[in-house]
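Taking it in order: structure first as structure tokens, then the write-up.
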Amino acid sequence: MRVRTLSVLSAAILVLGYAVHAATAASEESEKVPPVEFTKAFMSDQANLDTGKEVWVEQCRHCHGKSAYPGKAPKLKPRKYTADFVYDRVSNGFRKMPGWAEVYSEHELMSVTAWIMSKQFSP
Ligand code: HEC
């Protein structure tokens, strides 16, 4: 009798565990910002670059800028990146890199990406 109660209980816990796991997996999924399209026109628009530079100065430079080295964050190497990669890291974050999708609009996130990928940028 006791054994049966126990096994029913552990089965219930197992099912509950799966449900919780599925729910968290789903919410992690929905936090991911979907990719956007970067056109040449967007990447070279000076107004976008100016917006991107503002975001960089405000939120990124204190970890990624020259005066932050060594330590806080890796030096950015835009020539090794694609815009899609930068946008994904900036929006969604990665390990110790915070994601900024809750802080900035899609346009601002795209603009800081354009700024990092532009010839005017130096980390
Ligand atoms: C609190 C410090 C911090 C701030 C603020 C920060 N980052 Fe980062 N960033 C990191 C760290 C740490 C990593 C490395 C993550 C890893 O790969 O483990 C990183 C990685 C990145 C990468 C990927 C680099 C690579 O070579 O893999 C990009 C691109 C990036 N950050 C852009 C930005 C931008 C743009 C901003 C401003 C919106 C920003 N970061 C703000 C700490 C920071």
Of TYR81, SER105, TRP56, which is farthest along the charge dipole of segment 39-123 in the positive direction, counting Lys and Arg as +1 and Asp and Glu as -1 at C-beta?
TYR81
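Whole number please: convex hull volume per residue of the Cα set in segment 40-117, in Å³?
Convex hull volume per residue, Cα atoms: 89 Å³.
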Rounded to the nearest 20 debye, dipole of segment 40-117 from Cβ charges on Lys, Arg, Asp, Glu:
680
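I need the peptides 48-56, 110-118 ranked by packing, meaning the mean over residues of other C-beta atoms within 10 angstrom, with the highest value on top.
Packing proxy ranking, top to bottom: 110-118, 48-56.
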Note, segment 82-96: 3J(HN,Hα) by Karplus (6.51, -1.76, 1.60, θ = phi - 60°), whole Hz, Gly/Pro = x, goes 10, 4, 4, 5, 4, 4, 5, 5, 5, 6, 9, x, 6, 6, 7
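Each value in this text was obtained by applying a stated rule to the coordinates, not by laboratory testing. Keep in mind it's a predicted model, so treat the numbers as computed, not measured. All Cβ positions, even for glycine, are placed from backbone atoms using ideal geometry, and neighbour counts span all protein chains on display.
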